[in-house]
Amino acid sequence: MSRCVRPLAAFTFVLACVCVSQKWRMFGFELAAVGCANPKPAARHAGVPALPKVSQSPPVTANTPEAHLGQGYQDLANERYSEAAREFAQALEENPHLARARYELGVCDVALGRREKARKEFERLLRADPGEPSVIYYLGRLDLIDGRSKAAVRQLHSIARCAPFSDTAYYLGTAYLEEGQLKPAEAWLQQAARLNPRDFRAFDHLARVYQKEDRVEAAEREYARSAELRNHYNKTAAQGIQCSHALETEPLGNARAICQELFEVDDPDRLTTLGMLYGRHGDYGDAVAPLVRAAHLDPDSYEVQHDLGLTYFRLRRFEGARAPLARAVALRPDYFGSNALLGATLYMLKDDPAAYRILSHAHQLNPGDADTTELLFRTSLFLAQRKLSKSDYRNGLTYLVSAEKLRPRNPEVHRYLARVYELLGRKAQAEAESREVRELLRQRGEGPGPR
């Protein structure tokens with residue numbers, strides 16, 4: 001198959017991309033056609049027919065745990081907690097040992113205020129994996145919400161030195177404050193302020209500690225800092241609205257001058273907001289700089305890495321998109337959107353083995369997505385052709401079988417399989433594939449087909 005330029009037509013996702021100041025925002029996008037129409041077939045080799053044309057038959061869908069897990073992550077990213085909880089629960093019905101689904105179901109239950117249900121899920125996880133920090137973190141938070149501050153201290157203190165989330169110190173300090181243990185509360189809230197210097201909650205609670213200790217001046221200082229950060233947050237939100245309005249109503253040059261007020265070189269939240277707004281309004285070139293800087297400041301932010309990869313992809317800078325998208329997938333391995341986008345990037349870079357692996361996982365997470373199915377189908381055929389051109393029929397057959405599962409009603413794939421089985425001396429299977437070809441052609445009204 002000629003692959004000087006790869007087709008990537010109508011490749012559409014709706015992805016949750018940006019998390020700014022703990023508020024999820026949606027970032028929908030549609031990738032315009034890239035490259036040429038259907039590629040030309042490669043020259044025949046060793047009697048193997050050319051690659052089949054891409055079928056327009058519908059992809060196969062699956063009711064699998066992975067599919068429910070993938071859809072659950074999509075719903076969770078869109079803050080559809082009830083829908084996400086149903087998907088994770090369905091995944092657990094299919095596979096009760098799927099710890100990832102149980103964990104996310106617990107997270108959804110917390111968000112929905114179903115605390116007792118959430119506790120049962122996390123306690124079950126803890127019995128299966130004692131000492132898991134992320135599970136203990138949520139159990140500690142649930143204890144704190146339920147007024148069991150002593151239990152919260154015990155839970156959160158046990159994971160404080162290997163905290164799974166950066167706000168663990170804040171919740172531990174709050175638990176100590178609720179217990180009236182002011183010295184450890186002060187120590188942990190000071191650490192929380194160092195870890196998250198833009199989180200006004202830590203400074204507010206630190207001020208409460210100082211107030212209880214009759215340290216009036218220190219309390220007022222921290223209250224003032226908390227108010228300053230809260231105002232900064234509100235200002236960022238207001239500037240974001242102004243920027244968005246300007247991008248919608250003003251010439252780009254004028255809008256850019258308004259939006260650049262959000263650019264603060266050491267504030268990843270404002271930088272991410274700016275990059276997201278540029279991207280949402282199609283100004284991908286201007287989105288790069290703030291997102292690159294945000295990724296440097298906060299390399300473990302899934303949202304920043306995903307947004308940066310998406311922006312590079314929209315600019316057709318596929319090599320640039322590869323690293324941040326790979327990082328996003330490493331941070332959230334079961335989020336369909338990042339897997340699908342990374343798979344498409346690898347496809348465009350012609351790294352077929354890596355694309356096949358990532359697209360296969362994306363397809364498991366969302367088998368009903370036609371675009372991912374199409375790219376995985378094409379990649380399977382590319383890899384099959386590569387193996388068969390080297391007379392590696394057995395491995396080539398593996399990729400052909402994968403393609404057949406994706407497009408079971410494509411007669412050309414079955415014709416191809418028949419020829420490969422024949423070359424392998426597996427005559428019964430070759431004849432079965434030939435019969436399938438004839439039946440599919442008959443159903444299409446194209447005659448009986450070759451015998």
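Here, each number is a calculation from the coordinates, and none is a lab measurement. Note that the structure is predicted; figures quoted are calculated from it, not measured. Counting neighbours? That spans all protein chains shown, and the Cβs are built from the backbone with ideal geometry, glycine included.
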What base-10 log of the normalised intensity I(q)/I(0) is obtained for the stretch 111-196 from the Debye formula, alpha carbons as equal point scatterers, at q = 0.12, 0.23, 0.25 Å⁻¹? -0.33, -1.08, -1.21
Where the eigenvalues come from the Cα gyration tensor of the stretch 179-259, what are the semi-axes √(5λ) of the equivalent ellipsoid, largest first, in whole Å? 38, 11, 8
Chain lengthening between F165 and L331 when straightened (0.36 nm per residue, less Cα-Cα): 58.5 nm
What do the square roots of 5 times the Cα gyration tensor eigenvalues come to for the stretch 258-372, in whole Å, largest first, as semi-axes of the equivalent ellipsoid? 26, 13, 12
Pair E79, H97: separation of 7 Å Cα→Cβ label points (nm): 3.8
Multiply the residue separation of R435 and L182 by 0.36 nm, subtract the distance between their alpha-carbon atoms, and state the gained length in nm to one decimal. 83.1 nm
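Tell me, in nm to one decimal, what length is gained between S391 and R357 on full extension, where the rule is 0.36 nm per residue of separation less the Cα-Cα distance?
Gain on extension, S391 to R357, equals 10.0 nm.
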Output ordering of 111-119, 366-374 (per-residue mean of other Cβ within 10 Å, highest first) is 366-374, 111-119
Once you wrap a convex hull around the alpha carbon atoms of the stretch 69-111, what is its projected area averaged over all directions, in nm²? 2.4
At 7 Å along Cα-to-Cβ for each site, give me the label-to-label distance between E217 and F263 in nm. 4.1
Given a Förster radius of 56 Å and the C-beta distance between A128 and L252 as r, what FRET efficiency does 1/(1 + (r/R0)^6) yield to the nearest 0.05? 0.55
Hey, fewest Cβ within 10 Å first, where do T249, T236 land in order? T249, T236
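Taking a quarter of the surface of the convex hull around the Cα atoms of the stretch 51-200, what do you get in nm²?
Working: hull surface 50.3 nm².
Quarter of the Cα hull surface area: 12.6 nm².
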What does the highest-first list of 75-84, 121-130, 100-109 look like by mean Cβ count within 10 Å? 100-109, 75-84, 121-130
Ordering of 153-162, 168-177, 323-332 by burial proxy (mean other Cβ atoms within 10 Å per residue, highest first): 168-177, 323-332, 153-162
Evaluate the Debye formula for the stretch 321-369 with equal point scatterers sitting on the alpha carbons, no solvent, and hand back log10 of I(q)/I(0) at q = 0.13, 0.26, 0.31 Å⁻¹, in q order, two decimals. -0.23, -0.91, -1.20
